Amino acid sequence: MKTLAIDFSTDRRAAHLDFGQRGPATIFQFNRQVGALALIETAFEKAGAERSELERIVLGLGPGSYTGIRSAIALAQGWALGAEVELVGAPSVDAIACGAAVQGDFVVVLDAQRGEFYTKYFRFNGDGASATSELRIQDRAAVEAAAKSGARLVGPEVVKDFGGGDIVHPDPVDLVRVLAKTDDKAMVGELEPIYLRPTEFKKAPPARLIE
């Protein structure tokens, strides 16, 4: 299937286009000033493909940058309005695990703000990485305890946050691989960023009038 896979859940935006015989094209961009459409257009140009040929868009759903994931979903849904394109989503955290070159036990760690971290535990075996826990939110002490017990820390900011581990961003190629291994897919109309906390909006207090 002619597929565009995109992940905007971290500081590294990425787009992957695979139209089969013409060869895949993957574009990475850390500069957020470069627009998402420009990034995707570069992938099409590199692959020598036309937008009208696209059959499926695969989205990284996080967790991660809520704004980045939302923008990717909005872009894909807008695209689908004018074309018969299948939309599917996969957890970016699982794509990170898929791309990690780690033996044994490891933990994918993502910043959840407020001094906490999204974590999901995996074990690498001959068939690849298998999850040994559900996605959760843990404090710094819990992540450090996992590292001391022998689990390798993996993620886009683990070196900055914990002083060690393997820096791995979600690769859109691995999003496609994750989808090929699972039936748990978010279909169009159900695409939402993975966010374990309830979204909170605080109403601003009324303006004070000074006489």
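The values are calculated or read from the model by the stated rules, or taken from the named source; none is laboratory data. Computed from a predicted structure; not experimentally measured. Ideal geometry is used to build each Cβ from the backbone, glycine not excepted, and the neighbour counts take in all protein chains shown. Note: accessible area is taken over every heavy atom of the protein model, side chains too, but ligands, DNA and RNA are not part of it. Shrake-Rupley method; radii C 1.70, N 1.55, O 1.52, S 1.80 Å.
Would you point out the residue of the stretch 94-133, among those that are among the acidic types (Asp, Glu) and over 14 Å from the mean Cα position of the chain (by Cα), that is surrounded by the fewest Cβ atoms within 10 Å (Cβ to Cβ)? Outline the logic, then answer.
Filtering the stretch 94-133 for residues among the acidic types (Asp, Glu) gives 94, 105, 111, 116, 127.
Going one step further and asking which of them are over 14 Å from the mean Cα position of the chain (by Cα), we end up with 105, 116, 127.
Details: 105: 15, 116: 17, 127: 7.
Among those residues, the one meeting the criterion is 127.
For the stretch 1-61, the strands (runs of 3 or more DSSP E) that sit wholly inside it and include 3 or more residues that are open to solvent by less than 50 Å² (accessible area, probe 1.4 Å) and modelled with pLDDT of 90 or more are 3-7, 13-18, 56-60. Looking across the stretch 147-163, just one residue is open to solvent by less than 30 Å² (accessible area, probe 1.4 Å) and on the phi > 0 side of the Ramachandran plot, and that is 155.
Residues that are open to solvent by less than 30 Å² (accessible area, probe 1.4 Å) and out of contact with any helix residue (DSSP H, G or I) (no Cβ under 7 Å at 6 or more places or on another chain) were ranked within the stretch 62-71; the one that is farthest from residue 14 (Cα to Cα) is 65.
Among the residues of the stretch 59-73, some residue qualifies, meaning at least one is within 30 Å of residue 162 (Cβ to Cβ) and free of Cβ contacts under 8 Å to residues at least 24 places away in the same chain.
Among the residues of the stretch 110-143, those identified as under 22 Å from residue 10 (Cβ atoms) and acidic (Asp, Glu) are 111, 116, 134, 139.
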